[in-house]
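The values are calculated or read from the model by the stated rules, or taken from the named source; none is laboratory data. Here the structure is a predicted model, which is why all the values come from computation and not from measurement. All Cβ positions, even for glycine, are placed from backbone atoms using ideal geometry, and neighbour counts span all protein chains on display.
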């Protein structure tokens, strides 16, 4: 029987494994952690489930919704009110800003149109801003948006990939956001259960440290001395792990690893604050009715990312769980690198209080619990999610090429549909790798 080894039990590995097991292959998934999901990790804090990793389903992506429907996983759309804050209780709707100001989304649309007119040119987002001669305030807003959303450095990320991403989001209504009720981990757990049901295997706590291979044969070595053999492997190691070369290959797939170096792993610091009540919905304010349905809080003006501050917040509305998530992405996240979870929570409370215009002590008194995770220093992640450096827009496609019909690669960094850094990008990549393997190694009946 065709033996296939999958390295990693995130959604890329699980989707590949299920697809292959359904096609009749003997599949074994090796996972370093003692859980499935990879960078999806839902945890309990203060009596509610919160996310420490991936959280949103971005848009109407059928790959994900098909799984949710088939596994009867309840989900809902976030449909609350977004507000912009200036500090000290200055809250207003986004459309009430200065009409002369160019919004980050307007700028990204203009950038996308420029890129589509010049498809063979690429530059960093910083270089594009300089080319357009934006004023400092508009540039700061655009930089904050791009760095926060993509966990990227605007001096590195390429506009070609941003344009491809923008069009992919337009096609899938990516501005619509959904939650899996009870936690995103339920999706990964359902995928794992389906794999086991159809005869696949998942082995936990096995840290792969070497992948030895020749055409048609693979031996996977783990740090505790175990070996697993097969005729091919699907490798779903995160981009950051590949770049750190935490796993040795023998021989090294040099061309693949060269393409991996053309991409970057982004940094994120996020913390979910669980409160005793939804206190923001009870603040006496002219925006009282909006605060009752608060979804996102954005800053009117972006501060320097080196300031060690959270600037973006959101709630799970229409869920009434008393949770606010504080977010910093890209260079803004690195300012938190030396802080522990308690210190990060203190900063988040301070910055949320500033955004709402209430005393920090009042917010602190409402705080019941919190949850965060350091993905940058997680040895099995080495970062939050990938983005594309200028000049590297074709790197992902090149990383999808099988190596001598024996090594197949998947993961959100190998997505070729413009959805880098997303769960559905990872899910699709697993199915793509499985189909490639099936074509090269038809199942022996």
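Here's the yes/no breakdown for (1) modelled with pLDDT of 95 or more; (2) assigned by TED's automatic domain parsing to the domain that holds residue 424; (3) more than 30 Å from residue 157 (Cα to Cα):
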position	(1), (2), (3)
14	yes, yes, no
18	yes, yes, yes
29	yes, yes, yes
33	yes, yes, yes
72	yes, no, yes
88	no, no, yes
106	no, no, no
111	yes, no, no
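The set of residues from segment 243-287 being free of Cβ contacts under 8 Å to residues at least 40 places away in the same chain and either at positive phi or in contact with a helix residue (DSSP H, G or I) (Cβ under 6 Å, 6 or more places away or on another chain) (or both) comprises 245, 281. Where strands (runs of 3 or more DSSP E) fall wholly inside segment 163-258, the ranges with 1 or more residues that are modelled with pLDDT of 95 or more and closer than 16 Å to residue 6 by Cα are 201-203, 208-214, 217-222, 227-230, 232-235, 248-250.
Does residue 207 fit the bill of being in contact (Cβ under 8 Å) with a residue 24 or more places away in the chain, in contact with a helix residue (DSSP H, G or I) (Cβ under 7 Å, 6 or more places away or on another chain), on the phi < 0 side of the Ramachandran plot and surrounded by fewer than 19 Cβ atoms within 10 Å (Cβ to Cβ)?
Criteria not met by residue 207.
Of the helices (runs of 4 or more DSSP H) lying entirely inside segment 48-148, those carrying at least 3 residues that are surrounded by fewer than 18 Cβ atoms within 10 Å (Cβ to Cβ) and under 25 Å from the mean Cα position of the chain (by Cα) are 62-70, 104-117. Can you confirm whether residue 13 is in a helix (DSSP H, G or I) and either under 20 Å from the mean Cα position of the chain (by Cα) or buried (at least 16 other Cβ atoms within 10 Å of the Cβ) (or both)? So residue 13 passes the test.
Test residue 371 against the criterion of being outside any helix (DSSP H, G or I) and in contact with a strand residue (DSSP E or B) (Cβ under 7 Å, 6 or more places away or on another chain), and give yes or no. Against the criterion (outside any helix (DSSP H, G or I) and in contact with a strand residue (DSSP E or B) (Cβ under 7 Å, 6 or more places away or on another chain)), residue 371 qualifies.
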